[in-house]
1. Of all residues in segment 103-140, count the ones that are surrounded by 15 or more Cβ atoms within 10 Å (Cβ to Cβ), farther than 29 Å from G20 by Cβ and without any contact (Cβ under 8 Å) to a residue 24 or more places away in the chain.
2. It is to be established whether one or more residues within segment 167-189 are modelled with pLDDT of 95 or more, surrounded by 12 or more Cβ atoms within 10 Å (Cβ to Cβ) and over 25 Å from F95 (Cα atoms).
3. Quick one: F94 ticks every box in (1) crowded, with 18+ Cβ neighbours inside 10 Å; (2) farther than 30 Å from K47 by Cα; (3) at pLDDT 90 or above except a single one, so which number is it?
4. Would you check if there is a residue in segment 40-48 being among the hydroxyl-bearing types (S, T, Y) and assigned to a helix (DSSP H, G or I)?
5. With E114, E108, E64 as the choices, which residue is at pLDDT below 95, over 15 Å from the mean Cα position of the chain (by Cα) and charged (D, E, K, R)?
6. Any chance segment 7-19 includes a residue that's of a type in the set (F, W, Y), surrounded by 14 or more Cβ atoms within 10 Å (Cβ to Cβ) and in a loop (DSSP other than H, G, I, E, B)?
7. Can you name every one of the helices (runs of 4 or more DSSP H) wholly within segment 93-207 that holds 1 or more residues which are under 21 Å from L79 (Cβ atoms) and among the small types (G, A, S)?
Amino acid sequence: MKKTQKKILSKAIPLFNRKGVSNVRLQDIAQEAGISPGNLSYHYPLKKDLMAGVLQLMEEQLKEASTSSLAIAKQDDYLTVIKDYLKFQIGNRFFYRDILEVIALVPESKQVFETQMQHVQSFAKNGLYLAVGKGLVLPEPHDGHYEIFARNIWGILNSWLAEREALGKEKVSLSDVMLAVWEFHYPYLTEKGQSLFISLRNSYLRL
């Protein structure tokens with residue numbers, strides 16, 4: 001990806017976040033990037049081309065994040081894992097809020113959304129199995145239960161942004177959703193896991 005393209009995309013994403021995908025024109029992005037509309041059109045002739053570039057950038061960011069997430073989790077640093085993912089969501093919140101508009105522009109974005117959903121669910125499930133091995137979480141009560149558990153974690157992470165957009169970040173903070181995710185684990189924690197929970201909860205409340 002060329003330097004000018006990265007500059008354009010880095011200006012487009014905050015505009016999409018603030019105004020919504022349908023309310024941002026290519027001219028607005030060119031002005032924000034400090035380049036001429038013609039220069040922008042050279043790299044991205046249509047809005048769908050620019051959105052495809054944004055999605056490519058998001059996929060690259062997710063790929064980098066996925067390689068480090070499990071390594072961080074192995075160190076029991078669940079706080080950092082969840083916080084990093086939530087920051088990614090906030091930084092690209094237009095994608096979750098305006099997903100139907102994004103799909104209308106770039107049908108392939110449906111696959112990006114599905115891939116990310118599978119990534120989060122896979123990480124949540126694998127994290128549970130890892131925690132079972134460390135004696136932090138109880139063994140799976142029956143086959144497939146932790147897969148459903150992971151889908152519910154995705155539900156929490158996919159819905160909180162709408163609440164934050166509607167009510168404001170003052171009422172829906174990062175620590176709120178991090179605590180909601182961790183509280184969801186509580187019934188499955190061993191005594192050792194509950195001790196870790198208390199430590200993490202105190203960290204959330206200090207954010």
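The values are calculated or read from the model by the stated rules, or taken from the named source; none is laboratory data. Just so it is clear, the model here is predicted, and its values are computed rather than measured. When we count neighbours, we look across all protein chains shown, and the Cβ atoms used for this are built from the backbone with ideal geometry, even at glycine.
1. The number of residues fulfilling the criteria is 2.
2. Within segment 167-189, one or more residues are modelled with pLDDT of 95 or more, surrounded by 12 or more Cβ atoms within 10 Å (Cβ to Cβ) and over 25 Å from F95 (Cα atoms).
3. All conditions are met except number (2).
4. Our first condition is that a residue be among the hydroxyl-bearing types (S, T, Y); within segment 40-48, this holds for 41-42, 44.
Add one more test, that the residue is assigned to a helix (DSSP H, G or I), and what stays is 41-42.
Within segment 40-48, one or more residues are among the hydroxyl-bearing types (S, T, Y) and assigned to a helix (DSSP H, G or I).
5. Working: E114 fails: over 15 Å from the mean Cα position of the chain (by Cα); E64 fails: over 15 Å from the mean Cα position of the chain (by Cα).
Step by step, each of E114, E108, E64 is checked, and only E108 is at pLDDT below 95, over 15 Å from the mean Cα position of the chain (by Cα) and charged (D, E, K, R).
6. Within segment 7-19, the subset of a type in the set (F, W, Y) is 16.
Imposing the further condition that a residue be surrounded by 14 or more Cβ atoms within 10 Å (Cβ to Cβ) reduces the set to 16.
Narrowing further to those that are in a loop (DSSP other than H, G, I, E, B): none.
No, segment 7-19 has no match at all.
7. Filter on segment 93-207 gives 109-133, 145-167, 174-185, 191-206.
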